[in-house]
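The structure under discussion appears below in the form of structure tokens.
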Amino acid sequence: MADPRGGFSVARRLVDVAEAVRATPDLPRAALAELLAGHGEHPADLTEEAFPEAGAAELRSAARRMAAVLGESDEDRAADALNALLEECGTRPRLTRHDGHPWHLHVDRGEGAGWGGWFLASGALALAQLLTEYGRIAWGACAAAGCGRFFLATGPGSARRYCSGGCATRARVAAHRRRKREQETEAGALGSVKPRDAGA
């Protein structure tokens, strides 16, 4: 998936792959290949020979590791985690442009790096760029009960807590109902207390 400026959105790819693996931990190799192709990876790099089941397993494992960073809400802890990943992966980004897209930072799958190392390095670089660009965590895991979907929060305004307007509305309605029940319970408890007998 390309971003609106005409380049590849590595952060969007990260979120989509991490979310797909979160939802289906044993997501098949073919489904992962299709997802990567949708984000601009070349078909020749996604054949069964180039992207074997072992590579898919590495990618699933890396996606689970990146999920922990996507769920992090503390800026300092997120920065520490990203620095650790960048150091672990020995990331050497380079500027590249291809297929008519403008210049963008890219991390190659180096010799011996494998699919997991590539995903960790490129994902960590993308989130580090977002953290520096927005000065805050610009991603998250939906806070709505029963959801937890990963999302990017790169729009204007304050940091988001929900993946969609629907989840935000459901959470507000649930909080309102909870407060109303608590008030009714409290009012009922106060009403059941009998005044002390004045002559006692």
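The values are calculated or read from the model by the stated rules, or taken from the named source; none is laboratory data. Remember, predicted model here, so these are calculated numbers, not experimental data. A quick note on method: Cβ atoms are made from the backbone with ideal geometry, for glycine too, and the neighbour counts reach across all protein chains shown. Keep in mind that these areas ignore ligands, DNA and RNA; they rest on the heavy atoms of the full protein, side chains included. Shrake-Rupley method; radii C 1.70, N 1.55, O 1.52, S 1.80 Å.
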- [ ] Residues being small (G, A, S), in a helix (DSSP H, G or I) and modelled with pLDDT under 85: count how many of those fall in the range 157-196.
- [x] 7
TODO: Name the residue, out of T154, T91, that is part of a loop (DSSP other than H, G, I, E, B) and within 29 Å of E53 (Cβ to Cβ).
DONE: T91
Open item on the list: Which condition from (1) farther than 17 Å from L14 by Cα; (2) open to solvent by less than 50 Å² (accessible area, probe 1.4 Å); (3) outside any loop (DSSP other than H, G, I, E, B) is the one that W115 breaks?
Closed with: (1)
Task: Extreme residue, farthest from the chain's Cα centre (by Cα), among residues of the range 82-112 that are open to solvent by 60 Å² or more (accessible area, probe 1.4 Å) and aliphatic (A, V, I, L, M) - done: L95
Task: Subset of the range 23-50 (residues that are open to solvent by 50 Å² or more (accessible area, probe 1.4 Å) and in contact with a Phe, Trp or Tyr (Cβ under 7 Å, 6 or more places away or on another chain)) - done: D45
Open item on the list: Please verify whether A57 is of a type in the set (A, V, I, L, M), within 21 Å of the chain's Cα centre (by Cα) and under 27 Å from A23 (Cβ atoms), treating the condition exactly as stated.
Closed with: yes
Open item on the list: Going through A50, A81, A30 one at a time, which residue ends up being part of a helix (DSSP H, G or I), of a type in the set (A, V, I, L, M), out of contact with any Asp or Glu (no Cβ under 6 Å at 6 or more places or on another chain) and more than 19 Å from A138 (Cα to Cα)?
Closed with: A30
Task: Criterion violated by R60 - all others in (1) of a type in the set (K, R); (2) within 30 Å of R160 (Cα to Cα); (3) not in a helix (DSSP H, G or I) satisfied - done: (3)
Open item on the list: With within 20 Å of the chain's Cα centre (by Cα) and either surrounded by 18 or more Cβ atoms within 10 Å (Cβ to Cβ) or at pLDDT below 95 (or both) as the only criterion, which of A67, A79 stands out?
Closed with: A67
